[in-house]
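What follows draws every value from the coordinates through simple rules; no lab data is involved. Fair warning: this is a prediction, and the values are worked out from it, not measured in the lab. Cβ: placed from backbone, ideal geometry, glycine included. Neighbour counts: every protein chain shown.
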Amino acid sequence: MRKLRCHCGDVEAEINTPERLDKIMRCNCSICKRKGAIMSIVKNEDFKIIKGNDKLKLYQFHSKIAKHYFCINCGIYTHHNPRINPSLTAFNIGCIDEIDSFKIKNINVADGNNHPLDKKE
């Protein structure tokens, strides 16, 4: 079990993850490239807000399927539910104190800029 915290500590979550994170990525979609976060992903049932649910603000755009959350006090992006699969929660690795995201090498890039749900036939 890992603990996620925003910068000010108003928002906390528990994440049921393996010791070694399975998927670590960045995304090049319009919002992710701006926030620059390194993320990992779990099933929704493995991510639980334990403090500050009332301090989270929801941001949605374009198709309004993805749900992006950030702390209303410090502004830090904590997690989101991706539109490709809303039954998953992607979370900001930078919000987990025991992980030094600057030591992570070879980070995969999800091509959200060419999202499959935006493909025109």
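Observations
- Placing a label point 7 Å from the Cα of ILE104 along the Cα-to-Cβ line, the residues of the range 46-67 whose backbone N sits under 17 Å from it are 47.
- An oblate overall shape is assigned to the range 1-73, the ratio a/c of its alpha-carbon gyration tensor axes (a ≥ b ≥ c) being 1.5 or greater and a/b not exceeding b/c.
- Lys, Arg +1 and Asp, Glu -1 on Cβ, resulting dipole of the range 2-108 about Cα centre, debye, nearest 20: 480 debye
- Pairs from the table (LYS3/LYS67; LYS23/LYS55; LYS35/LYS55; LYS23/LYS67; LYS35/LYS103) lying more than 25 angstrom apart at Cα are LYS23/LYS55.
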